[in-house]
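Visitor: Below: one structure in structure tokens.
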Amino acid sequence: MLNKIHDKFVPILNQVIARNNGEKEFHQAIHEVLGSLGHVISRHPEYAESALIERLCEPERQIIFRVPWIDDQGDVHINRGFRVQFNSALGPYKGGLRFHPTVNVGIIKFLGFEQTFKNALTGMSIGGGKGGSDFNPRGYSDREIMRFCQSFMTELHRHIGEYIDVPAGDIGVGGREIGYLFGQFKRLTNRYGAGVITGKGLLYGGSQVRTEATGYGAVYFVERMLATKGYGFDGRRAVVSGSGNVAIYTIQKLISLGAKVVACSDSDGYIIDEDGIDIDLVREIKEKQRGRIKEYIEQKGKSVRYVENSSIWHIPCDIAMPSAIQNELTGDDARTLVKNGLIAVGEGANMPSTPEAINIFQEAGILFAPGKAANAGGVATSALEMQQNASRDSWTFEETENRLAKIMHGIHDLCYETAEEYGVPGDYVKGANIAGFLRVAKAMHALGVI
Ligand code: GLU
């Protein structure tokens, strides 16, 4: 169930669908943004001229490459690598790399498109891009991961640079992978060009708070959103899907602000702990042991249940923070959450709620923070890392976290005020899409037809 769009945009959407056959997540992301732009075009007809919107829907460049690598047994594997350089009107392409078996060009395009708007919302000088591979890192040794990353970078390095395109992590790409990728870049170019990639370790050009930033930022956004209704986190029951980087630091910040997080998950199942999730134990299992979430029950005992093949969203909660993967929260899940008394949703992942789920939340008057606004703290802190690299400086944790909090409050207020200005108060989806679009469109308009 997708929303109606302005007549003017129907041919644009049809062309996107015809040209990007079968890439349903990409169609979905474009459809959602076009659904927000009707009012903008009547106020700013100049942004519909010179095929600006058509250009915005077509990536500037798409790179697809072979990634051959050798496993510990000596067998050769071939994966496919991608980098979609979506839009550079506001700055160099910026966005993460995802290593996950579901990756294909349509997934990377949807992520690159979303990233363009997200990055615009941060107010920093970064364009949109995304990349990755259909490589599934699960079960491979450290050496295998290293060889894969080296092979991936051997091709990618010709396409990136501090002023060209600056990758980072995403699902399946964390500190370890960034280290191997940067190491290979440095070796190939014979330059310590730290500004080419973000999410680096603190000893080699990384920024404080980058690891925590997406999760912390999402919680800051939701905190500000709750405050518009006079609510806070204290005593609230929360469910966070996932148990990767975004989920871990979302849970940690929620707990520190007084919420009780009762469940989290991985792609096999979820745990529910009525005493409140022990985040240090989750970190031990996921970050140190690289294990599965079900191991939590072995170490924690009684109050915990582990459930497979069932939706985490059927657990009653006040606050839901989907932080796993796209389209993980369906219309059915949304109906159940609403029935169970939900008050707010903050998307930590990119596009985790289906269009039907978003409609259900909005019609029920639930506070809904879309990923491209709520999870922008990660990329915003990447931009802070770029600033530190460029000035050969490094800031303290406290200073960096203060900046992140300020940026997230700024993004919240921009979305909130834009929604009011365009006659849809409280609609953060439209607020985010319109505010992001206005920045990108203004720059594209000024730069001419390129
Ligand atoms: N992958 C993250 C995102 O979806 C971070 C990207 C970055 O830091 O460049 O925004």
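The values are calculated or read from the model by the stated rules, or taken from the named source; none is laboratory data. Since the structure is predicted, the reported quantities are computational estimates derived from the model, not experimental observations. Counting neighbours? That spans all protein chains shown, and the Cβs are built from the backbone with ideal geometry, glycine included. Keep in mind that these areas ignore ligands, DNA and RNA; they rest on the heavy atoms of the full protein, side chains included. Shrake-Rupley method; radii C 1.70, N 1.55, O 1.52, S 1.80 Å.
Visitor: Helix-only estimate, please: 222 nm mean residue ellipticity of the chain, summing -39500 (n - 2.57) across DSSP H runs of length 4 or more and dividing by its residues, to the nearest 500.
Guide: Theoretical 222 nm ellipticity from helices: -14000 deg cm²/dmol.
Visitor: What percentages, rounded to whole numbers, describe P(r) for the chain computed over all alpha carbon pairs with 10 Å bin width beginning at zero?
Guide: Spelled out bin by bin, the chain gives 4, 22, 33, 27, 12, 2, 0 percent.
Visitor: Nearest 5 percent is fine: what portion of the DSSP beta bridges confined to the chain is antiparallel?
Guide: Around 60 percent antiparallel, to the nearest 5.
Visitor: Something else now. Along Cα→Cβ, 7 Å out, is where each label goes; now give me the distance between the ones at SER42 and ASN3 in nm to one decimal.
Guide: Result: 1.5 nm between the two label points.
Visitor: If we sort 37-45, 426-434, 196-204, 313-321 on the protection proxy, mean other Cβ atoms within 10 Å, highest first, what's the order?
Guide: Details: 37-45: 16.2, 426-434: 25.0, 196-204: 20.1, 313-321: 22.7.
By packing density, highest mean first, the sequence is 426-434, 313-321, 196-204, 37-45.
Visitor: Note down the net charge around ALA446, summing +1 for each Lys or Arg and -1 for each Asp or Glu among other residues with Cβ under 12 Å from its Cβ.
Guide: In short, +1.
Visitor: For the chain, what is the relative contact order in percent, using Cα pairs closer than 8 Å and at least 6 residues apart in sequence?
Guide: 16
Visitor: Next question, about the same structure. When you count, for each residue, the other Cβ atoms within 10 Å and take the mean per peptide, how do 376-389, 270-283 rank with the highest first?
Guide: On the way: 376-389: 25.4, 270-283: 18.1.
Per-residue Cβ counts within 10 Å, averaged per peptide and sorted highest first, yield 376-389, 270-283.
Visitor: At a Förster radius of 30 Å, what calculated FRET efficiency corresponds to the Cβ-Cβ distance of GLU363 and ASN136, to the nearest 0.05?
Guide: On the way: r = 38 Å, r/R0 = 1.26.
Working from the Cβ atoms, E equals 0.20.
Visitor: Additional query: Determine the dipole magnitude for region 204-253: charges of +1 sit on the beta-carbon of Lys and Arg, -1 on that of Asp and Glu, nothing else is charged, the reference point is the Cα centre, and the result goes in debye to the nearest 20. Before the final figure, lay out the partial values.
Guide: Values: 6 positive and 3 negative charges, 25 e Å.
Computed about the Cα centre, the dipole is about 120 debye.
Visitor: For region 194-346, what does the alpha-carbon gyration tensor say about shape, rounded, prolate or oblate, given a ≥ b ≥ c as the root eigenvalues, a/c under 1.5 as rounded, and a/b over b/c as prolate?
Guide: oblate
Visitor: Leaving out ligands and nucleic acids, note down the accessible area per residue over region 32-86 with a 1.4 angstrom probe, in whole Å².
Guide: 48
Visitor: Considering the Cα positions of region 1-87, please state its Rg to one decimal place and its Dmax as a whole number of Å.
Guide: Reported Rg and Dmax, both Å: 18.2, 62.
Visitor: What length, rounded to one decimal in nm, is gained on full extension from ASP71 through to ALA18, with 0.36 nm per residue of separation minus their alpha-carbon distance?
Guide: Gain on extension, ASP71 to ALA18, equals 15.2 nm.
Visitor: When you count, for each residue, the other Cβ atoms within 10 Å and take the mean per peptide, how do 98-108, 365-375, 242-252, 15-25 rank with the highest first?
Guide: Highest mean packing first, the order is 242-252, 365-375, 98-108, 15-25.
Visitor: May I have the pair-distance distribution P(r) for region 52-172, computed from all Cα-Cα distances with 10 Å bins from 0 and rounded to whole percent?
Guide: Percent of Cα pairs in each bin: 14, 46, 28, 10, 2, 0.
Visitor: Sticking with this one: Taking the Cα atoms of region 70-127, what is the range of coordinates along each of the three principal axes, in descending order and whole Å?
Guide: So the three principal-axis extents are 48, 18, 14 Å.
Visitor: Now for a different question. In Å and on Cα atoms, what radius of gyration and Dmax does region 118-233 show?
Guide: Looking at region 118-233, its Cα Rg and Dmax stand at 16.8, 55 Å.
Visitor: Kirkwood hydrodynamic radius (Cα pairs, Å) of region 407-450?
Guide: 10.9
Visitor: Calculate what fraction, in whole %, of the accessible area of the chain sits on carbon and sulfur atoms when a 1.4 Å probe is rolled over the protein chains.
Guide: Carbon with sulfur: 48 percent of the solvent-accessible area.
Visitor: Over region 234-335, with the other protein chains present, what is the accessible area per residue in square angstrom, probe 1.4 angstrom?
Guide: Per-residue accessible area for region 234-335 comes out at 42 Å².
Visitor: Now for a separate question. So what is the diffusion coefficient of region 288-441 in µm² per second by Stokes-Einstein at 4 °C and 1.567 mPa s, using a Kirkwood Rh over Cα pairs?
Guide: 73
Visitor: So, one more: Could you tell me whether region 126-193 comes out rounded, prolate or oblate from its Cα gyration tensor? Rule is a ≥ b ≥ c as square roots of the eigenvalues, rounded for a/c under 1.5, then prolate if a/b exceeds b/c, otherwise oblate.
Guide: Numbers: a/c = 2.08, a/b = 1.34, b/c = 1.55.
It comes out oblate by the Cα gyration axes.
Visitor: Return the FRET efficiency for the residue pair LEU202, VAL10: r is the Cβ-Cβ distance, R0 is 56 Å, and the value is rounded to the nearest 0.05.
Guide: Computed FRET efficiency for LEU202 and VAL10 comes out at 0.65.
Visitor: Then there is this: First select every other residue whose beta carbon is under 10 angstrom from the beta carbon of LYS300; then total the charges, Lys and Arg +1, Asp and Glu -1.
Guide: Details: positive: LYS302; negative: ASP273, ASP275, ASP278, GLU295, GLU298.
Value of the local net charge: -4.
Visitor: A follow-up question, please. Tally Lys and Arg at +1 and Asp and Glu at -1 over the other residues with C-beta under 14 Å from the C-beta of THR116: what net charge comes out?
Guide: Combined, the nearby Lys, Arg, Asp and Glu give +4.
Visitor: If you take the Cα Rg of region 122-161 and divide it by 2.2 N^0.38 Å, with N the number of residues, what do you get? Present the calculation step by step, with values, prior to reporting the outcome.
Guide: Values: Rg = 13.7 Å, N = 40, 2.2 N^0.38 = 8.9 Å.
Rounded to two decimals, the normalised Rg is 1.54.
Visitor: Related question: For ARG61 and HIS314, calculate 0.36 nm times their separation in residues minus their Cα-Cα distance, and state this gained length in nm to one decimal.
Guide: 87.0 nm
Visitor: Compute the accessible area per residue over region 353-450, keeping the other protein chains in place, probe 1.4 Å, unit Å².
Guide: Result: 40 Å² per residue.
Visitor: Right, another one. With 5 Å bins from zero, work out the P(r) of region 170-268 over every alpha carbon pair and list the percent per bin.
Guide: It works out to 2, 12, 18, 18, 14, 12, 10, 7, 4, 2, 1, in whole percents.
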